[in-house]
1. Specify the inter-centroid distance of the stretch 337-392 and the stretch 520-589, based on alpha-carbon positions, in whole Å.
2. Exactly which chymotrypsin sites (Phe, Trp or Tyr not before Pro) in the stretch 209-314 are in a DSSP loop and have at most 15 other Cβ atoms within 10 Å?
3. Can you bin every Cα-Cα distance in the stretch 239-412 into 5 Å intervals starting at zero and give me the percent of pairs per bin, rounded to whole numbers?
4. Just to confirm the number: angle between the C-alpha axis of helix 457-466 and the first principal axis of the chain, 0 to 90 degrees, nearest 10?
5. In what order, largest first, do Leu24, Leu115 sit by accessible area if the probe radius is 1.4 Å?
6. Could you tell me whether the stretch 3-216 comes out rounded, prolate or oblate from its Cα gyration tensor? Rule is a ≥ b ≥ c as square roots of the eigenvalues, rounded for a/c under 1.5, then prolate if a/b exceeds b/c, otherwise oblate.
7. Quick one: work out Rg over Rh on the C-alpha atoms of the stretch 426-576, Rh as Kirkwood radius.
8. Compute the helix-to-body angle for 338-349: its Cα long axis versus the longest principal axis of the chain, expressed 0 to 90° and rounded to tens.
Amino acid sequence: MCGIIGYVSERDCCGALFEALRRLEYRGYDSAGIAVLGEGGFRVCKKRGGVAGLASFYAEGKTGIGHTRWATHGAPSDQNAHPHIAGKIALVHNGIIENHAALRAELEGEGVRFLSETDSEVLAALVQKYYRGDLLAALREALSRVEGSYAVAVIAEDRPGELAAARYKSPLVAGKGRAGLFVCSDIPAVAQEAEYLAVAGDREFIRIAGGEIGFFDGGLRPVPKVFFRPEGESRAAAVCGSHMRAEIAEIPRALQDTLAALGKADLAPCARALRSAGRVFAVACGTAYHSALAFRDALARDAGVPVFCYSAGEFRYSPPLVRAGDLVVAVSQSGETADTLEAVRLARGLGGFVIAVTNTPGSSLAAEADFTLAMRAGAEIAVAATKSYNCQLLSLWYLAAELLFFRTQRYPSWFSSLKELPAAAEAAFSLFPEADRLADLFKERQGMYFLGRGEDVCTAREGALKVKEIARVFAEGLPAGELKHGPLALVEEGFPVILLSTQRRLAAKCENAAAEVNARGGYTVLLSQYEDVLRQSRARAALRLPVLPEPLMPCVAVIPLQYFAYKMCLERGLDPDRPKNLAKSVTVE
Ligand code: AGP
């Protein structure tokens, strides 16, 4: 969604704002803008398109705000870009003001003239309406009129050296960096320069003034905060040319770090929760949902425990299923996905015990869960989730194994092989040249299928999601058994079908699917770790995966598919770090 940044510096802040926006750009790249408060008032530059459009802008001033936009209300345009100026107020906002129409009508009735179609400009005008020299009080009063979600930062023309900010359901942090005191939407955007920072809670306010950062509750009473030093972002992107490629390259290291962190985690509270749990749920969105499917498979197979796995956006609107004591595992790389957070709030409200599996320990999800299992994938900047997926699988399997141990006093047979995942992931890189060839072969295709059975279904779905979002090619991931119930109708000469067959008990069934596709002229690509399965198959191309215990194969089988999607994207002349219409962190419903 949108990214916001605000600085109060001891020197000119324009450069620091621009650099932070470049790092925040993965949150939205429809338009970008900066407002700097200097001697003569605000100097503003805002433009449709990416942050690069602001590169030639410079203004003197030590207080400023910036924004990179993922459009919701109003098309991407110069006028709709933030910051919005209303009288003495400049404002940047991430979120949605749901009652903006009524507020706009009210303000227009009072003579306010709006320049944009955005809900955010309404909020700027509202702050101006209540501003009488106390910026924080004006922001609080304005937000008391607002329904919706927000991370918002405001500065006032007559208050240099001061900034007020607030959040509700959209992430916001504040801290000290080399360039001064800041507020920002995301930790990774400021991680490299932050000396320390703290995360704002929902309905909390922040004031930066007099060289200090203060956090306040809804009544503007001070809230004590634990400040911490964040981990720096990987510099590998500079070497690899894109964040997505760098993050694929980081998978072995991310798995290694996550293994080390898991080894130190005390999961006893989770095990205790399972003891009293009537049922187990898993909720997540997108890629994280696919890892939740793998968790479901593991607990069902090894512990005979059924897991009700829900897309978080469905869960929150389903009949209230959770009962007191039920275990709810919520998976989210960012820990800020709106649907997942709402699902967690709902589950906790019904008495569920929530375990968060997240890559962001300082996130809202971690703050709201009963227990957090923090994986250590490192900052993931590319919109396409790659290394976080591998680490989610690892973390969820680890959790499943611990829960199994608690029930039966024995670990599953594959548990000791989790430590082999980093090396196996690295071995999977040897498949990239073949993936290059396939990307070249399929680059003009309009659609493709990814099929699998059993434990391979999550990989099929994830492969298809990657191709859709990054290569912008229609792709569907399906259980192979579904093929003849409809999807086969689209298979014609050369239609690509990527078939995963890593589970020996299901190999013959997968081969049936290959035969059905081949009979219609489709181009089948088979992925398996088994030499004989590959040799005996009628598939037209074969990728031999590294060997691991079958339950762990999803973690390596997905790697050539992640890379394939990336390569398809390049072949089609697209930017892998900027998939169309998407943003990294989906903080609105
Ligand atoms: C995956 O490539 C996507 N960018 C997306 O599906 C993502 O996994 C989803 O939005 C959930 O994000 P989260 O893990 O941060 O909650």
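The values are calculated or read from the model by the stated rules, or taken from the named source; none is laboratory data. Computed from a predicted model, the values in this text were never measured in an experiment. Cβ: placed from backbone, ideal geometry, glycine included. Neighbour counts: every protein chain shown. Each accessible area value is taken on the protein alone, full model and side chains, heavy atoms only, with ligands, DNA and RNA left out. Shrake-Rupley method; radii C 1.70, N 1.55, O 1.52, S 1.80 Å.
1. If you average the Cα positions of each part, the centres end up 25 Å apart.
2. Phe227
3. For the stretch 239-412, the binned pair fractions read 2, 10, 19, 23, 21, 14, 7, 3, 1, 0 percent.
4. Taking the Cα atoms of the chain, the angle to 457-466 is about 50 degrees.
5. Leu115, Leu24
6. Rounded shape, in that the Cα axes give a/c under 1.5.
7. 0.93
8. So the inclination is approximately 90 degrees.
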